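Computed from the coordinates by the stated procedures, all read-outs in this text should not be read as laboratory data. Since this is a predicted model, take the numbers as computed values, not measurements. Cβ: placed from backbone, ideal geometry, glycine included. Neighbour counts: every protein chain shown.
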Protein chains: 2
Amino acid sequence: MTHTYSIGALAEATDAKVETVRYYERIGLLPEPERTSGNYRAYTGDHLARLSFIRRARDLGFTLGQVRALLGLADNKNNDCCAVDAMARDHLTDIDRKIADLKALRRELNDLLGQCKQGTIADCRIIGALSPR
Amino acid sequence: MTHTYSIGALAEATDAKVETVRYYERIGLLPEPERTSGNYRAYTGDHLARLSFIRRARDLGFTLGQVRALLGLADNKNNDCCAVDAMARDHLTDIDRKIADLKALRRELNDLLGQCKQGTIADCRIIGALSPR
DNA sequence: GCTTGACCCTGTAGTGACTACAGGGTGCAG
DNA sequence: CTGCACCCTGTAGTCACTACAGGGTCAAGC
């Protein structure tokens with residue numbers, strides 16, 4: 001007798017929402033499970049493994065499209081590792097760019113706050129910076 | 001005779017899309033302009049100033065809700081500056097948190113890539129890290 | 001067996017900030 | 001006049017969820 005999971009149990013085991021699990025099934029990322037006599041979804045350990053993979057990859061910031069690709073690669077053990085490598089490297093490049101953008105943004109806001117003298121809007125350096133010159 | 005702008009001209013002047021300009025009008029962020037006899041929107045310099053403000057604030061990462069609040073503050077020159085200040089500070093806190101999150105993510109991906117030895121999926125450290133233990 | 005509350009189901013729509021498309025009208029240079 | 005760029009409205013799509021409506025199922029407790 002193989003152990004099955006309800007959708008709530010599967011969601012809890014993977015720190016996902018029930019609705020998210022149903023969403024992943026709808027978009028084809030997670031295979032449809034068998035159903036109980038009451039029409040409840042009955043997930044297996046394989047579903048648990050797959051969903052864990054998905055959530056972990058999402059936690060690492062991969063898009064669902066990328067997750068789909070990673071799953072495809074993982075499903076065939078003979079695939080070359082370099083495609084995974086390349087995806088991770090591309091993703092790292094994205095992350096580096098986002099960090100740089102955020103740092104530039106932080107610098108600019110800090111500058112504006114540094115000029116802020118506490119008064120009325122008429123004197124406000126931040127509002128002034130947003131307004132056309 | 002006051003100068004007016006077509007939607008295309010306004011969009012170009014503010015580095016926005018035409019569709020975005022219409023979107024802002026629909027959500028009430030940008031006031032509806034007069035129309036030409038051909039039913040084309042005829043924007044004024046005031047619209048240009050307001051849209052410039054909006055785009056600039058978006059560039060700084062403020063949400064549209066925050067932009068709406070900033071516009072409200074800017075519209076009354078007698079408002080106290082501290083509300084603007086507080087919004088900018090909150091935003092800075094958000095940015096700091098995002099940077100920290102991205103850095104943690106980068107560290108983790110770097111670790112995984114560092115362990116990557118180039119082989120098949122069966123040996124892949126990244127796939128291994130994503131798969132349940 | 002009945003009740004009740006937690007959980008499940010499907011279908012649909014909403015979030016935020018855009019973006020794209022369909023189908024049709026306007027303006028103007030050539 | 002023609003052709004092309006631009007305009008219009010209305011609707012739907014993107015991404016990754018998230019929420020809600022209305023109804024069914026399950027199981028513990030009485």
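Peptide A:78-87 has a mean shielding of 5, counted as Cβ atoms of other protein chains within 10 Å of each residue's Cβ. Axis between B and A by rotation; chain B residue with nearest Cβ and distance in whole Å recorded as B:ILE99, 3. Between B:TYR23 and A:ALA69, the simple spin-label model (points 7 angstrom out along Cα→Cβ) gives 2.5 nm. Sparse packing (at most 14 other Cβ atoms within 10 Å of the Cβ) combined with a DSSP loop state is found for the following chymotrypsin sites (Phe, Trp or Tyr not before Pro) in region A:4-46: A:TYR40.
Under 5 Å between amide hydrogens, built in the peptide plane, is the criterion, and for B:TYR5 it picks out B:TYR43, B:THR44 among residues at least 5 positions away or on other chains. Legend: mean number of C-beta atoms from other chains within 10 angstrom of residue C-beta atoms, peptide A:57-69, equals 2. Mean partner shielding of peptide A:113-126, defined as the number of other chain Cβ atoms within 10 Å of each residue Cβ, is 5.
Computed from point charges on the beta carbon alone (+1 for Lys and Arg, -1 for Asp and Glu), the dipole magnitude for the protein assembly as shown about its Cα centre is near 100 Debye.
Placing a label point 7 Å from the Cα of B:ARG58 along the Cα-to-Cβ direction, the residues of region B:18-38 with a backbone N closer than 19 Å are B:18-33. Here, P(r) means the percent of Cα pairs in each 5 Å bin from 0 to the largest distance; for the protein assembly as shown it is 1, 5, 10, 11, 10, 10, 10, 9, 9, 9, 7, 5, 3, 1, 0, 0, 0.
Using a cutoff of 8 angstrom between alpha carbon atoms and counting only pairs six or more residues apart, the relative contact order for region B:1-79 works out to 30 percent. Karplus-derived 3J(HN,Hα) values for region B:26-40, using 6.51 cos²θ - 1.76 cosθ + 1.60 with θ = phi - 60°, are 5, 8, x, 7, 10, x, 5, x, 5, 10, 7, 4, x, 6, 7 Hz; glycine and proline are entered as x.
For a 23 Å ceiling on Cα separation, which of these pairs sit above it: A:LYS117/B:LYS77; A:LYS77/B:LYS117; A:LYS17/B:LYS103?
Correct reply: A:LYS17/B:LYS103.
Each residue of region B:74-80 was assigned a 3J(HN,Hα) from its phi angle through the Karplus curve 6.51 cos²θ - 1.76 cosθ + 1.60 (θ = phi - 60°); the sequence is 5, 5, 10, 4, 8, 4, 6 Hz, with glycine and proline shown as x. Net charge dipole, chain B: roughly 420 debye, given to the nearest 20, about the Cα centre with Cβ charges of +1 for Lys and Arg and -1 for Asp and Glu. Using the Cβ-Cβ distance between A:LYS77 and B:THR2 with R0 = 51 Å, the FRET efficiency computed as 1/(1 + (r/R0)^6) comes to roughly 0.10.
A quarter of the convex hull surface defined by the alpha-carbon atoms of chain A gives 13.9 nm² as the mean projection. For the pair B:ASP123 and A:ARG97, a Förster radius of 30 Å applied to the C-beta separation gives a FRET efficiency near 0.50, rounded to the nearest 0.05. Note on the protein assembly as shown: helix-only mean residue ellipticity at 222 nm, from DSSP H runs of 4+ residues weighted -39500 (n - 2.57) and normalised by residue number, equals -20000 deg cm²/dmol. Rounded to the nearest Hz, the phi-derived 3J(HN,Hα) couplings of region A:101-113 under the Karplus curve 6.51 cos²θ - 1.76 cosθ + 1.60 (θ = phi - 60°) are 4, 5, 5, 4, 4, 4, 4, 5, 5, 4, 4, 4, 5, where x marks glycine and proline.
For region B:1-46, give the magnitude of the charge dipole about the Cα centre (Cβ charges: +1 Lys/Arg, -1 Asp/Glu; no others), in debye to the nearest 20.
In debye, rounded to 20, region B:1-46 gives about 140.
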